[in-house]
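As structure tokens, the structure follows; a few thoughts come after it.
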Amino acid sequence: MTHLYCISCQSRLVCDRKTFQVISNDEMIRKINLAKPNLLKKLNKVCNGEKAKIGDYIHKNCRVKSEYWFQNNFVPNTSSDSIDAHVELPELQLPDLHLETETIIFNESFTTIDTNVTNDLFKLNAADETSTTTVSQDTLKINMQKSYSSHKKCFVCRSDKNKLKLITNEAALNFLAKTDIYVVNGSRCCHSHLDEKGFLNNDAIKLIKPIVGDVVFDENSIKDLIKSFQNSKSKNQFYTQFESSSPLEDDSLKLIGFSKDEFLYIVDYLNNTKESIKRTKQQALFIYLFWLRHGLSMETIATLFDISFQDVSRYCFQIRSGLKSFVEDNLGVKRYSRDDWLAHNTEMVSKLFIEKENQLILIADGTYCYCEKSSNNSFQRMTYSGQKKRHLVKPFVVCVADGTIVDIYGFYAATANDATIMEDVLSRDNFLRELLQPEDILIADRGFRDCQKTMKEKYNINVILPTCKVL
């Protein structure tokens, strides 16, 4: 029985066609012959001197190693004739290096590093000549801070003992935006240095010691860099502005309808809400307020800000739980005395409606918040509005003349009208009944006409409605 052997590592092939392949072209032969001495040396084997030829077999793993060695160690001389595939190059020796400056090409098409060294970088045993590659004229050289460049070691802690992960373009751009340090293309780091998004965590950022040197970009790498910046900003420009370390901008605050001072005031109530790796308290609050203001589905919000649906749902639950003390301090009748509420009567409503002293004027109206269609049939019917042709729930707002909110009640069903809701609010809220005194005024729209008589007879409250002359 004849056994098949790998032409590169000289090991016998296993009878599994998926593990080896047939050499089919001269370029493959050339790379295999050049890399074979180095590969056998690492395996502590003696080269038998046999050259590869078309029709020979090779392990797929050996072919990949040959390709990798050829790209990283062999510099072709394009000005001279091509090297014969059957000529074996002497092994490359690497002496101790004393680097002065370093120039790195950020493009996979470049396979060498142009470095000014005090000693020879590569010495061929046969010719004893120094080989360097010049940078193309169609490049841009920038002197800037950059990270330690390594494919085999972690560029953060420079350890080679842990399993390494390639840094993505998004993670490199995020790091560059935070620290003005460029991560060299192809750099790897330990898994412990990355957060759940694959970005470098705060501890890793503190460990990185940048070096200053020339970074060379070619046309393609500059285009990729610009495209990556555009993609990262298009979805996350508003969400990322709400990080604790980022200044808040007016354009972002317009999305939630609060000023900067008002937003930071709400943030102060989130003392029990913990920061996490994926978001800050400000970012979670932004998502929650955006959801309340616009009434969009959580899937839509997740798509807009490039986060998961589960994250949007969890942020809203965490903020809603953390704002319980905020609601108690800033909503409700009992937070002010009656005299304090009387101070909110404006000059205009006083001249138009007040006939006696110490009359309190309240304004009431129902609004709505859109919600998703429920799979529960009875709840689905309760939340469908024939007027809006959508599913919604109704919060009921009571405020004073200058717009200060007294309290918000609800949610009520979409089928309930304002008059029914007003009667329900007065029957349930004892503090509101204590606040209102005889001859106080309630300003409302025509939707309250059905409770106007009840309010006057039962609570002695004057309900002022807009006149409507029937033609």
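The values are calculated or read from the model by the stated rules, or taken from the named source; none is laboratory data. What you see is a predicted model, and the numbers here were worked out from it, not measured in a lab. When we count neighbours, we look across all protein chains shown, and the Cβ atoms used for this are built from the backbone with ideal geometry, even at glycine.
What are the residues in region 19-58 that are part of a strand (DSSP E or B) and out of contact with any Ser or Thr (no Cβ under 9 Å at 6 or more places or on another chain), if any?
Start the filter on region 19-58 by keeping residues that are part of a strand (DSSP E or B), which leaves 20-22, 57-58.
Once the filter is applied, which keeps residues that are part of a strand (DSSP E or B) and out of contact with any Ser or Thr (no Cβ under 9 Å at 6 or more places or on another chain), region 19-58 yields F20, Q21, V22, Y57.
Every residue, every condition in (1) closer than 30 Å to F326 by Cβ; (2) assigned to a strand (DSSP E or B); (3) hydroxyl-bearing (S, T, Y); (4) touching a residue at least 60 places away in the same chain (Cβ under 8 Å), yes or no:
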position: S374; (1), (2), (3), (4): yes, no, yes, no
position: F379; (1), (2), (3), (4): yes, no, no, no
position: K388; (1), (2), (3), (4): yes, no, no, no
position: P395; (1), (2), (3), (4): yes, yes, no, no
position: C399; (1), (2), (3), (4): yes, yes, no, no
position: D402; (1), (2), (3), (4): yes, no, no, no
position: V406; (1), (2), (3), (4): yes, yes, no, yes
position: F411; (1), (2), (3), (4): yes, yes, no, no
position: T415; (1), (2), (3), (4): no, no, yes, no
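Can you find, within region 357-367, the residue that is farthest from T415 (Cα to Cα) among those that are modelled with pLDDT of 90 or more and not aliphatic (A, V, I, L, M)? I'd like the intermediate steps shown before the answer.
Here is the first cut: in region 357-367, the residues modelled with pLDDT of 90 or more are 359-367.
Now drop any that are not not aliphatic (A, V, I, L, M), which leaves 359, 365-367.
Numbers: Q359: 33, D365: 15, G366: 12, T367: 13 Å.
Ranking the candidates gives Q359 first.
Could you look through region 322-348, keep only residues that are free of Cβ contacts under 8 Å to residues at least 12 places away in the same chain and polar (S, T, N, Q), and pick out the one that is surrounded by the most Cβ atoms within 10 Å (Cβ to Cβ)?
N330
If a residue has to be exposed (fewer than 14 other Cβ atoms within 10 Å of the Cβ), part of a helix (DSSP H, G or I) and free of Cβ contacts under 8 Å to residues at least 24 places away in the same chain to count, how many in region 301-320 make the cut?
2
Of all residues in region 197-219, which are exposed (fewer than 13 other Cβ atoms within 10 Å of the Cβ) and among the polar types (S, T, N, Q)?
N202, the sole residue that qualifies.
Checking I32 against (1) within 46 Å of the chain's Cα centre (by Cα); (2) modelled with pLDDT of 80 or more; (3) of a type in the set (V, I, T); (4) surrounded by fewer than 16 Cβ atoms within 10 Å (Cβ to Cβ), only one condition comes out false. Which one?
Of the numbered conditions (1) within 46 Å of the chain's Cα centre (by Cα); (2) modelled with pLDDT of 80 or more; (3) of a type in the set (V, I, T); (4) surrounded by fewer than 16 Cβ atoms within 10 Å (Cβ to Cβ), the odd one out for I32 is (4).
Quick one: is T240 at pLDDT 80 or above, of a type in the set (S, T, N, Q) and surrounded by 15 or more Cβ atoms within 10 Å (Cβ to Cβ)? Don't jump to the end; show me each part of the working.
Details: at pLDDT 80 or above: no; of a type in the set (S, T, N, Q): yes; surrounded by 15 or more Cβ atoms within 10 Å (Cβ to Cβ): yes.
Considered against the rule, which asks whether it is at pLDDT 80 or above, of a type in the set (S, T, N, Q) and surrounded by 15 or more Cβ atoms within 10 Å (Cβ to Cβ), T240 comes out as no.
Do the conditions hold for I441, that is, is it in contact (Cβ under 8 Å) with a residue 60 or more places away in the chain, under 28 Å from F326 (Cα atoms) and either aliphatic (A, V, I, L, M) or surrounded by 14 or more Cβ atoms within 10 Å (Cβ to Cβ) (or both)?
Spelling it out, it is not the case that I441 is in contact (Cβ under 8 Å) with a residue 60 or more places away in the chain, under 28 Å from F326 (Cα atoms) and either aliphatic (A, V, I, L, M) or surrounded by 14 or more Cβ atoms within 10 Å (Cβ to Cβ) (or both).
Of the residues Y57, Y68, only one is aromatic (F, W, Y), more than 24 Å from G186 (Cβ to Cβ) and outside the structural domain of K152 (by TED's automatic domain parsing); which?
Numbers: Y68 fails: more than 24 Å from G186 (Cβ to Cβ).
None of the other options fit; the residue is Y57.
Starting from region 159-188, keep only residues that are closer than 23 Å to N143 by Cβ, then list their pairs with residues that are of a type in the set (F, W, Y) whose Cβ atoms are within a distance under 6 Å, requiring at least 6 positions of separation or different chains.
As it stands, the answer is N174/F199; L176/Y182; V183/F175; N185/F106; S187/F155, since those pairs meet every condition given.
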